[in-house]
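So the structure is just underneath, and the comments pick up after that.
Each reported figure results from applying straightforward, stated rules to the coordinates on display, with no laboratory input. Quick caveat: nothing in here was measured; it's all calculated off a predicted structure. Backbone-built Cβ (ideal geometry, glycine too); neighbour counts: all protein chains shown.
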Amino acid sequence: MGKSTKYISFFLVFWLWYFAQAQVVDLSTPRSTVFTHLHNLTPDNYHPEAAAKTIYGLPADDAKNKAIRLKYIYEGKGLFIDYNDIPNNPDYTDSINFPIPKHAYKPFPYRLPEVYLEKYGNNWYYSKSSVAKIDFLYHQIYPLGAEVISQYVPDYLKERFFGLEIWQWLGLILAVLLTYFLHILFKKILFGILHFIKQRFTKIPIENLDERLRQFSHPLSYIFGIYILELIIPYLLLGQKISNWLISALSFAKIIFWIFVFLKLVDVIIAIYKHRVSKTDNLLDDQLLPILKNSLKGIVILIGLFKILIIMGADPKAIIAGASIGGLAVGLAAQDTVKNLIGTLMIFIDKPFKIGDWIVVDGIEGSVEEVGFRSSIIRAADTTIFKIPNSKLSEAAVNNMGKRVYRRFKTTLGIRYDTPPELIEEFVEGVKKIIELHPTTRNYSNYTPYNSVPYNVEFVDYGDSSLNILLNVYFMTKDYAEEMHGRHILLLGILKLANAMGVEFAFPSQTLFMELFPEKQPAYPKYNTDKASVEKIMAEVLAEFKQKISKY
């Protein structure tokens, strides 16, 4: 019984070994066709004539050459075949990667979309279109031929050491050293070119620009080195697993360095934009700088992560679909936040106001201090701070007093009913001259027929307790505090003029008229109506006013 068990075990081991070494040709499913192709081209089971069976419509020698070259293409691109991922259905139909669904299968739809299998009759083969492109793809990866190095390697360097032949280890070490040397050289050359361009064409003084250019050239030189390594590695014939690991690692590193390059590029762009907006008076552009910088860097990082996920084997369509669903879920859960972000964008595009403008919106009046991602800060005259959501601010009717060309001031000067008409006329003329002399009021020196009248000073109404003179002026300033100071100077000048001319301002009162008693005179003020005297007094007041405003 024991001897029978030994014989059976020996037979099974021999049969398995023989089966592993035998030519396996099975073209019934996509998985079996790919297995037939690659299994018959392994070093321990090299039967290219069997692998050639997977090539459709070519003579034996041509088919053998195509099958070998296709395996080199897989290795050169670092593409690893996982047979469990390949469909094993004889009637498999691909409706995703083809405009019209058909019996076809793409092993690498994103990294090698040119190569796919197709069912002809009852068997699966590499398609006619794929076979026609094999030579082109091969020469792209191996312009000097796949075995340009290995055919000259002596036998003693072909001994295996930790999974690779000695010459392959030596080739990897030399490739890394060469790449590092080229990285150092290219970094200096690239920095010199960028510095020359800066000196030749750039007139914008950007802070630490040379350091920024040095940081910019550093990752670019690494990217150059990675491209050199990607050109060398296929010639080392490292096999599918090792090539896949190395090329994936290099692709990952390349994306990381590209992310770093574009982040530095964003810094340079923002520095240029900062220099540009520093020459403008609109502080809203300054508020845009951090938002723009963070947004651009966020986009760069998101695109980089998207590329990394593709390298790791993720389906781009699934990523986009997942991102869309996730974005929809986040959008529904944070509708107010999304509305505020859109409102922020609209504020920066439309620019209804700028930092420092005095605005009125929904009963809130104050100066714009800050425009953030979500809300804006308005500071009222009593220093109260209001935070208004940008979605509301972008939709509301905003009265931007800061954009007024003039700031209007309208009031009524009420004088006593017993003021003589001649004195009223002289007083009105004196007020007009004060307005003309005032440094910040609009006057006839900047008046054209197409503009509104620069100011109004007219006797317009009989009030209950006074004769009403309309005072309507425009201050040529956009600043609230400057307008208040201008009012102070104007009203004080009018008050001094009235006091000097004897014009008295009325206040709400009632007068009782009675029969005059003997030797009793009414308590009316005595008005100076002498024209020469009045004009002299007015000239003196205006001279004093003119001297005062000369310091303004």
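Which shape class, rounded, prolate or oblate, goes with the stretch 53-118 when its Cα gyration tensor gives a ≥ b ≥ c as root eigenvalues, a/c under 1.5 marks rounded, and past that a/b bigger than b/c marks prolate? Let's see the in-between values first.
Values: a/c = 1.86, a/b = 1.32, b/c = 1.40.
Judged from the Cα gyration tensor, the stretch 53-118 comes out oblate (a/c at least 1.5, b/c at or above a/b).
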Cα convex hull of the stretch 22-146 - mean projected area over all directions, nm²: 7.5
Lysines with Cα under 23 Å of Lys102, excluding same-chain neighbours fewer than 8 positions away: Lys53, Lys119, Lys128, Lys133, Lys317
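Tell me, Trp167, Trp245, Trp358 in order of fewest to most beta-carbon neighbours within 10 Å? Walk me through the numbers before you get to the answer.
Numbers: Trp167 19, Trp245 13, Trp358 22.
Listing Trp167, Trp245, Trp358 from fewest to most nearby Cβ atoms yields Trp245, Trp167, Trp358.
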Ranking of Val428, Val34 by count of other Cβ atoms within 10 Å, fewest first: Val428, Val34
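Over the stretch 102-202, what number does the Rg to Rh ratio reach, with both radii from the alpha-carbon atoms and Rh per Kirkwood? Spell out each step's value before the answer.
Working: Rg = 22.3 Å, Rh = 18.5 Å.
Taking Rg over the Kirkwood Rh, I get 1.20.
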Neighbour-count order for Arg160, Arg374, Arg212, fewest beta carbons within 10 angstrom listed first: Arg160, Arg374, Arg212
Separation of the Ile272 and Ile301 label points, Cα + 7 Å toward Cβ, nm: 2.4
Whole-angstrom gap from the stretch 382-404 to the stretch 43-76, using each part's C-alpha centre: 73
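Which FRET efficiency value, to the nearest 0.05, is calculated for Asp62 and Asn97 with the Förster distance at 22 angstrom and r the Cβ-Cβ distance? Mind showing how you got there, number by number?
Values: r = 27 Å, r/R0 = 1.23.
For Asp62 and Asn97, the calculated efficiency is 0.25.
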Pairs from Lys307/Lys339; Lys187/Lys254; Lys77/Lys254; Lys433/Lys548; Lys293/Lys392 whose Cα-Cα separation, in the structure shown, is over 19 Å: Lys307/Lys339; Lys293/Lys392
